[in-house]
């Protein structure tokens, strides 16, 4: 009898007329006990006699056992409320064995997936580093272009101011020339026409 199939519990309720015994259990591997699993149990006062039954229902804290020969069991095993009993289930032992194999498979899958996750994590970290490098490189280029842009705008503004100063200077000079031309303008004739006010047909140069 393997220890893996052993567990303990206390009697919670007995319905002799229905051949049912409810057992309160408290062990993690109760999840591996399934309906219809065969179970045998005994008490410490008479360990040689084992009652046999199967699981009719279960919860996280209770097992409901169907015991076909419960009347005989009551004579050999103390089934009073709160009585501590020992249990053995070959099905539980087999279920634990299959569970262990399943866990090994899951651990291998977990290891494989974890390895892939680490690769993807490195790719993601590398992507962040590359993105930062690209951003930094273009930030330097942007600063350089902005500096060149400001320098060219400054040069253009200086050219505009020089052109404006030259234009204003030329404008002043041409105004001076226009003033002098007007000042020194020469008429074609020195005499001007004058009309006799009383006779519109008579004009005189004077």
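The values are calculated or read from the model by the stated rules, or taken from the named source; none is laboratory data. Remember, it's a predicted structure, so these values are computed and weren't measured experimentally. Don't worry about glycine lacking a Cβ; one is built from the backbone with ideal geometry, like all the others, and counts go over all protein chains shown.
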Exercise. If you go through the range 37-57 one residue at a time, do you hit one that is assigned to a helix (DSSP H, G or I) and in contact with a strand residue (DSSP E or B) (Cβ under 9 Å, 6 or more places away or on another chain)?
Worked result: no
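Table: residues versus (1) more than 44 Å from the chain's Cα centre (by Cα); (2) in contact (Cβ under 8 Å) with a residue 60 or more places away in the chain; (3) under 20 Å from residue 4 (Cβ atoms).
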| position | (1), (2), (3) |
| --- | --- |
| 15 | yes, no, no |
| 27 | no, no, yes |
| 38 | yes, no, yes |
| 57 | no, no, no |
| 66 | yes, no, no |
| 90 | yes, yes, yes |
| 113 | no, no, no |
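Does residue 80 satisfy the condition of being in a helix (DSSP H, G or I), modelled with pLDDT under 95, over 50 Å from the mean Cα position of the chain (by Cα) and under 25 Å from residue 16 (Cα atoms)?
no
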